[in-house]
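Remarks on the structure that follows.
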Protein chains: 2
Amino acid sequence: MPAPPVRLADVETPAAVVDLDRLERNITTAARYATGHGLQLRPHVKTHKSTAVARRQLEAGAVGLTCATPRELDVMATVCDDLFWAHPPVGAAKIARAMALPPHVRLTVAVDDLSQVAALASAAVAANRRVGVLVEFDVGMRRVGVPAVPALVTMAQAVAAASSLAFDGITCYPGHIRQPVGEQASALAVLQQRLLAASDALSAAGLPPRVVSAGSTPTMWRTHEVPAITEMRPGTSVYHDRTTASIGVCTWDDIAMTVLATVISTSIPGQVVLDAGTKALGREPMRGTDGEGWAVLQDRPHLVVERMSEEHGIIVLGDDPWRPSVGEVVRLVPNHVCVAMHNFDRVVGVRGDRVESMWDVEARGRAGLVP
Amino acid sequence: MPAPPVRLADVETPAAVVDLDRLERNITTAARYATGHGLQLRPHVKTHKSTAVARRQLEAGAVGLTCATPRELDVMATVCDDLFWAHPPVGAAKIARAMALPPHVRLTVAVDDLSQVAALASAAVAANRRVGVLVEFDVGMRRVGVPAVPALVTMAQAVAAASSLAFDGITCYPGHIRQPVGEQASALAVLQQRLLAASDALSAAGLPPRVVSAGSTPTMWRTHEVPAITEMRPGTSVYHDRTTASIGVCTWDDIAMTVLATVISTSIPGQVVLDAGTKALGREPMRGTDGEGWAVLQDRPHLVVERMSEEHGIIVLGDDPWRPSVGEVVRLVPNHVCVAMHNFDRVVGVRGDRVESMWDVEARGRAGLVP
C-alpha cells in the first residue's frame with residue numbers, strides 16, 4: 001500500500017473519501033444505541049467491505065458481522081469469529097466456500113427453503129462443522145423469506161432435526177419500511193405483531209427462537225419499539241448517504257463517505273461536468289423520499305448530478321450562481337453509498353481535508369470463481 | 001490464475017460469462033465493416049477493460065485503442081502502442097499518469113478547454129514527449145466538447161501553437177443518436193453537416209483535420225453515411241447487450257456477455273429471486289428504446305428482472321409458466337453491458353456451455369490514488 005498523499009487535492013479523482021471523525025461517530029452511536037436497549041449489534045459489511053472498518057465496529061461492541069457474499073465471509077473471517085451469512089445459501093460453489101471458513105469461525109446462515117436446509121446440513125456434515133441457522137421470515141419486503149408462519153415452523157423443525165445444524169431463531173429484513181423515521185410507528189407495530197406471532201408458534205412447537213435478527217438502517221433508531229427483536233444489522237449507517245439523511249436517520253453532517261470529483265468540462269453553457277459518473281456513483285434512485293438525480297454536492301446539496309454517463313456526471317446549474325473552473329475539486333454525496341462504494345477498490349480516510357490513511361475495499365467483487 | 005472449471009454449472013454465481021464464438025464474431029464484423037468503408041477502427045476498451053480482448057481487437061485490425069481512465073491507459077499500454085484518451089485531461093494526478101506511459105506509446109488526448117491545452121502542453125514538455133490532440137466537438141450530445149465552430153478553431157490554434165502538442169483533428173461522441181438503426185438517417189445527415197462545417201473552418205485556418213474520430217455502437221453500421229468521419233470508436237459492440245439488440249445494432253444471438261445467476265429463492269409466490277442484483281447487473285435503464293426492468297433471461301427474454309437489491313434480482317412471473325427450482329442456473333442479459341462488466345473482476349469464457357478460459361477485467365477500478 002503506497003503512502004497516502006498529504007493533501008486531498010493531490011488525490012486522483014474520482015475517489016472514495018471517508019471522513020474518519022464521522023465514521024467513528026457513526027460506529028459509536030450505533031453501538032451505544034444497541035447497548036442502551038439491550039440489543040445485539042451485528043453490522044452488515046456490504047456497505048464498507050473493509051476489515052479496517054469492521055475492526056472498529058467490533059471494538060465498539062458489535063457481537064459479530066453480517067455478510068451477503070462468500071467473498072465477504074472469506075475476508076471478514078480474518079478479523080471476526082462470528083459471522084452471519086444473510087443470503088440464501090444456494091449453489092455448491094458458494095456453500096463449499098462457506099464451509100471452508102476457518103473452523104474457529106462460528107457461522108450462522110439464513111435459509112428460506114427446505115432444499116437449502118438439506119444442502120447445508122450435508123455440507124456441514126462433510127466439513128465436520130456445526131452451523132447455526134436462522135430461518136428467514138418475510139415481514140413485508142417480499143424479497144426472500146418464508147411468508148407464512150406454519151411454513152416457518154416446518155422449516156425450523158427441519159433445521160432442528162439436522163444434527164449438523166443448530167436452530168438459533170429467525171431473521172428478517174424490514175426493507176419495506178422506508179418512510180421518514182418519524183412516520184414509522186404503525187409499520188413497526190405491524191412488524192412486532194408479525195414477529196410475536198412467529199415466536200409464539202415456534203415456542204409452541206418447542207423451538208423458541210433464541211435470536212430474532214432484523215435490519216436495517218432506515219429503522220435502526222426505533223428498533224427498541226419492536227421488543228421481539230434481539231439483534232440489529234444496519235449496514236448503511238456506518239457511512240450514511242443522501243437517502244438516509246433525507247429520511248432523518250442521520251443529519252447531513254453525519255454523512256461520512258463522499259466521492260471526490262473534479263470539474264472536467266464547462267464547455268456546454270449552463271452545466272458543469274464532473275469525472276464521476278455511473279462507474280463511480282452508481283445509478284440508484286432515492287427511495288422512501290423525494291430527490292431528483294443521483295448525487296449532490298456535499299456543500300451545495302441543492303446542486304444535483306442530473307445526468308450521467310459511465311465516466312461523466314452532469315450538474316445543470318440553472319439559476320445557481322456557482323460557476324466553478326475546470327479543475328475545481330468537489331465532494332459528492334451519492335444517493336446510495338453501498339452501491340457507490342462497490343465501484344472503488346480503495347478508500348482515502350481524511351480528518352477535515354488532511355489525508356490520514358488509505359485502505360482497500362477488500363471484500364469488493366467476487367473472486368473465487370472455482371469451487 | 002486458477003484453472004477454469006470444466007462446467008459452467010460449477011462456476012460460483014453471479015459471474016460474468018462471455019461466449020467466445022460471439023465475441024470473436026463481433027470483433028471480426030466490426031473490423032470488416034471498418035475496412036470495407038475505409039475507416040480506422042479504434043475500439044473503446046471501457047466495455048471489456050481486458051488486455052485479452054483488446055489483443056483480439058488489435059489482431060483483427062484495430063489501429064489502436066480508446067480509453068477513458070488513466071487505469072485503462074496504464075493497462076492497455078501493455079498491449080498497444082497507440083492510445084486515445086477520450087476524456088478531458090484534468091487534474092495533476094491524472095495527467096502525470098498519462099505522461100508516465102512508456103515512451104513508445106503514441107498518446108492522443110481529447111480536449112475541450114484552453115486550460116486543458118495549457119496543462120497538457122506543459123506536462124508534455126516536462127515529460128519530454130509529443131502528445132497528439134483531438135479537439136472535442138459537441139455534436140448534440142451536450143456532455144463535453146466545444147459547441148461552436150469558432151471556439152473549436154481557436155482551440156485548434158492553441159494546440160498547434162504548442163511545440164509539445166500535435167493538432168491531429170477533431171473528435172466527437174454522437175451519443176444523442178440513440179434511435180433504432182433504421183431511423184438514424186436524418187440525425188446522421190445533421191452530423192455530417194456539423195462535421196463538414198468544422199472541417200471547413202479548420203482548413204480555412206490552415207489546420208485541416210487529419211483525423212475526424214467519432215463513436216459509437218448505436219451508430220456504428222451507418223458511419224459510412226457520414227463521410228467526414230475517418231475513425232470509429234465503438235465500445236459496447238464487442239459484447240453487445242439488451243439495449244443494442246433492441247435498437248437493431250445486433251441480433252439477440254450476437255450478445256456475447258451474460259451474467260450467470262442462480263435461483264436462490266422462490267418462497268414468495270409468483271416471483272423468482274436470483275443472486276444477481278445491482279452489484280452484478282448495474283441499474284441502467286434502456287435508452288433509445290422501450291423496455292422495463294434491468295435485465296432479462298437470455299433464453300426467455302420476456303422475463304424481466306423488475307426489482308433489485310444489491311445482491312438480489314427479482315423476476316415477477318405473472319402468467320408465465322416457468323417455475324424454476326431453487327438452485328437452477330440462468331443467464332441474464334443486462335441492459336448495459338459496460339456497467340455490468342465493471343462489477344466483475346474476472347470473466348469466464350465459454351464455447352457453448354464448456355468453459356474454455358478465464359481472464360481478469362484488469363482495467364476495472366482506478367488504482368493509483370497517489371500521483
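The values are calculated or read from the model by the stated rules, or taken from the named source; none is laboratory data. Please read these numbers as outputs of a predicted model, since none were measured by experiment. Every residue, glycine among them, receives a Cβ derived from its backbone with ideal geometry; neighbour counts consider all protein chains shown. What goes into the accessible areas is simple: the full protein's heavy atoms, side chains included, and nothing from ligands, DNA or RNA. Shrake-Rupley method; radii C 1.70, N 1.55, O 1.52, S 1.80 Å.
Dipole size of segment B:223-371 about its Cα centre, with +1 on Lys/Arg Cβ and -1 on Asp/Glu Cβ: approximately 260 debye, rounded to the nearest 20.
Across segment B:227-244, the residues whose backbone nitrogen lies under 15 Å from the label position 7 Å along the beta-carbon direction of B:VAL149 are B:228. Put the Cα centre of segment B:26-104 next to the Cα centre of segment B:136-154 and the gap is 23 Å.
The A and B chains share an interface that buries close to 6000 Å² of accessible area, total over both sides, probe 1.4 Å. Within the protein assembly as shown, antiparallel bridges make up roughly 50 percent of the DSSP beta bridges whose residues both belong there. Panel note: contact residues of segment B:264-312 (accessible area lowered by at least 50 Å² against the chain on its own; 1.4 Å probe) correspond to B:ILE264, B:SER267, B:ILE268, B:LYS279, B:ARG283, B:GLU310, B:GLU311, B:HIS312. In chain A, the longest principal axis of the Cα atoms and the axis of helix A:185-204 are about 30 degrees apart.
Net charge in the neighbourhood of A:ALA198 (other residues with Cβ under 12 Å of its Cβ; Lys, Arg +1, Asp, Glu -1) is -2.
Backbone amide hydrogens, once placed in the peptide plane, bring A:SER267 within less than 5 Å of B:GLY145, excluding anything fewer than 5 places away on its chain.
Per-residue Karplus couplings for segment A:320-337, computed as 6.51 cos²θ - 1.76 cosθ + 1.60 with θ equal to phi - 60°, are listed in order as 5, x, 4, 9, x, 8, 4, x, 5, 9, 10, 10, 10, 9, x, 4, 9, 5 Hz, Gly and Pro entered as x. By its C-alpha gyration tensor, with a ≥ b ≥ c as the square roots of the eigenvalues, how is segment A:129-190 shaped: rounded for a/c under 1.5, else prolate for a/b larger than b/c, else oblate? Verdict is prolate for segment A:129-190. Evaluated with a Cβ-only charge set (Lys, Arg +1; Asp, Glu -1), the protein assembly as shown carries a dipole of roughly 720 debye about its Cα centre, given to the nearest 20. Farthest towards the positive end of the charge dipole of the protein assembly as shown, among the residues B:ALA151, A:ALA68, B:ILE229, is the Cα of A:ALA68, using unit charges on the Cβ of Lys, Arg, Asp and Glu.
Measuring with a 1.4 angstrom probe and ignoring ligands and nucleic acids, B:HIS224 comes out at about 80 Å² accessible. With respect to chain A, whose longest principal axis is taken over its alpha-carbon atoms, helix A:114-127 is tilted by about 90°. Note on B:ASP353 and A:ASN128: their simple-model spin labels are 3.5 nm apart, each label 7 Å out from Cα toward Cβ. Of all DSSP beta bridges confined to segment A:1-126, the antiparallel ones make up roughly 0%. For the pair A:THR251 and A:ALA201, what calculated FRET efficiency results from E = 1/(1 + (r/R0)^6), where r is the Cβ-Cβ distance and R0 = 41 Å, to the nearest 0.05? It comes out at approximately 0.50. Relative to the dominant Cα principal axis of chain A, helix A:20-36 is inclined by about 30°. Take every DSSP beta bridge whose two residues both sit in chain B; close to 50 percent of them are antiparallel. Here the relative contact order of chain B, from alpha carbon pairs under 8 Å that lie six or more residues apart, stands at 21 percent. Close amide H partners of A:ARG106, meaning residues 5 or more places away or on another chain with modelled amide H under 5 Å apart, are A:ASP82, A:LEU83. Packing here is the average count of other Cβ atoms within 10 Å per residue, and on that basis the peptides B:311-324, B:139-152, highest first, run B:139-152, B:311-324.
When shorter helices are ignored and each DSSP H run of at least 4 residues is given -39500 (n - 2.57), the per-residue value for chain A at 222 nm works out to -8000 deg cm²/dmol.
All other residues whose Cβ lies under 11 angstrom from that of B:LEU317 are scored, Lys and Arg at +1 and Asp and Glu at -1, for a net of -1. Remark: segment B:1-131 carries a charge dipole of roughly 220 debye about the Cα centre, counting +1 on each Lys and Arg Cβ and -1 on each Asp and Glu Cβ. Of the listed residues B:ASP299, A:ASP275, the order by accessible area with a 1.4 Å probe, largest first, is B:ASP299, A:ASP275. For A:VAL131, the residues whose modelled amide H falls within less than 5 Å of its own, excluding neighbours fewer than 5 places apart on the same chain, are A:LEU165, A:ALA166. Fully extending the segment from A:VAL316 to A:ARG210, taken as 0.36 nm per residue of separation minus the present Cα-Cα distance, adds 32.9 nm. Quick check: at a probe of 1.4 Å, how many percent of the accessible area of segment A:46-91 sits on carbon and sulfur atoms? Its accessible area is 42 percent carbon and sulfur atoms.
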